[in-house]
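The values are calculated or read from the model by the stated rules, or taken from the named source; none is laboratory data. Remember, predicted model here, so these are calculated numbers, not experimental data. Here Cβ is always computed from backbone atoms with ideal geometry, including for glycine, and neighbour counts include all displayed protein chains. Side chains included, ligands, DNA and RNA excluded: accessible areas come from the protein's heavy atoms. Shrake-Rupley method; radii C 1.70, N 1.55, O 1.52, S 1.80 Å.
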Amino acid sequence: MVNWDYWHRIEYRREIDAETRVLEYTEVVQDQGWGFEHRAQHRQEWFVRYTRACAEDFLDRVRATPGTWVVAVWRNGEPLGSIRMKRAKGTKEHTCV
């Protein structure tokens, strides 16, 4: 039997102001999606796109507060990166900033 090991920790911080971010949610997922893009020139673009899709889904499910969110992805205690996105009030509309 194959033992897959694609555990990632996703941290969702709500931005209060330019200097203050509050950790509101943490999600641990077994997900291979961040490793799908192997071409170095496209890796960052894929990271942003995939992280945003995961964050939109999670923030919608928990009915998170509208505003600006910083979403950080970790694997094996190492940061893969983070994105900053806005969650619109009362809609499923999101934009990366």
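Worth pointing out:
- Residue in segment 4-17 that is nearest to the chain's Cα centre (by Cα), counting only those that are modelled with pLDDT of 90 or more and hydrophobic (A, V, I, L, M, F, W, C): Ile10
- The numbered conditions (1) open to solvent by less than 70 Å² (accessible area, probe 1.4 Å); (2) at pLDDT below 85; (3) not hydrophobic (A, V, I, L, M, F, W, C) are all true for His38 except (1).
- Checklist (1) open to solvent by 30 Å² or more (accessible area, probe 1.4 Å); (2) of a type outside the set (A, V, I, L, M, F, W, C); (3) within 13 Å of the chain's Cα centre (by Cα) applied to Arg61, failing item: (3)
- Some residue of segment 53-65 being in contact with a His (Cβ under 6 Å, 6 or more places away or on another chain) and at pLDDT 90 or above: yes
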